[in-house]
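Below is one structure, written out as structure tokens; the observations come after it.
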């Protein structure tokens, strides 16, 4: 009975060693690279959202600088401009700013001491435009001309172009950094996998001489390194998500800062990391094992 019990509990040992001293270094390096790649991806998403937000704010507003003609006060000229612009298609609201508000906007540029009482301060009219179909600068200027108002329209088109250029530069820079980190991660996984296979060449040779098929041997190493890379990708991606969640929580409603608004949905960016790392490592291990087997007699 005891012999039968021992035979029933006997299981064959693994063909590959369950652990190796080099595995810890591989997992650590890949986890760090995956962590950096995930952080870069989240930063790229936040930068893209910030650029869209700035552009949306600028396209939904405009400013009109009104100069009073002879025989009228600046306040009356601004009121006439606001009335004329309120009826333009695509304008939601037109507001004429008072002298105090206009001087508050000019003070940072010309200094508070330069704003004397007799200085002919131009008046400003702020416009809230329809985000879906905003009024064009030409239409606004035409309405002012029809009302005989001396004014200059600033539809923020110059600032929009600058922001779009800066946003594109930031977007491509983030994508470039992400691509470099991803390429470095792939190279490290491939190098470590080949090094591990070279160190286990005797195991491969024994399996090969024992009659094991090349596909079976390659599958063993493919599974081994794919699991290690998946664990490393999970550690790196989870660490990046935790850091992002901390920054999002500490930053309040606008994320880390209004300049870089991190959303909760951005924390989903690291999700594919373990799968991608496992695919790269598994494919590299399989190809390297097959290449090594082809070189054996």
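None of the figures in this text is laboratory data; all of them are computed from the coordinates on show. This structure is a prediction, so every number in the text was calculated from the model and none was measured. All Cβ positions, even for glycine, are placed from backbone atoms using ideal geometry, and neighbour counts span all protein chains on display.
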If I model a spin label at residue 75 and residue 287 as a point 7 Å from the Cα along the Cα→Cβ vector, what separation in nanometres do I get? 7.7 nm
Can you give me the pair-distance distribution of region 168-231, C-alpha pairs, 5 Å bins, whole percents? 4, 15, 18, 17, 12, 10, 8, 6, 5, 3, 2, 0
Set of region 134-157 residues, backbone N closer than 14 Å to the point 7 Å along the Cα-Cβ line of residue 60: 134-135
On average, how much area does the Cα convex hull of region 20-91 cover when viewed from any direction, in nm²? 7.7 nm²
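Rounded to the nearest 0.05, what FRET efficiency is calculated for residue 95 and residue 169 with R0 set to 30 Å and r the Cβ-Cβ distance? Walk me through the numbers on the way to the answer.
Details: r = 34 Å, r/R0 = 1.15.
E between residue 95 and residue 169, to the nearest 0.05, is 0.30.
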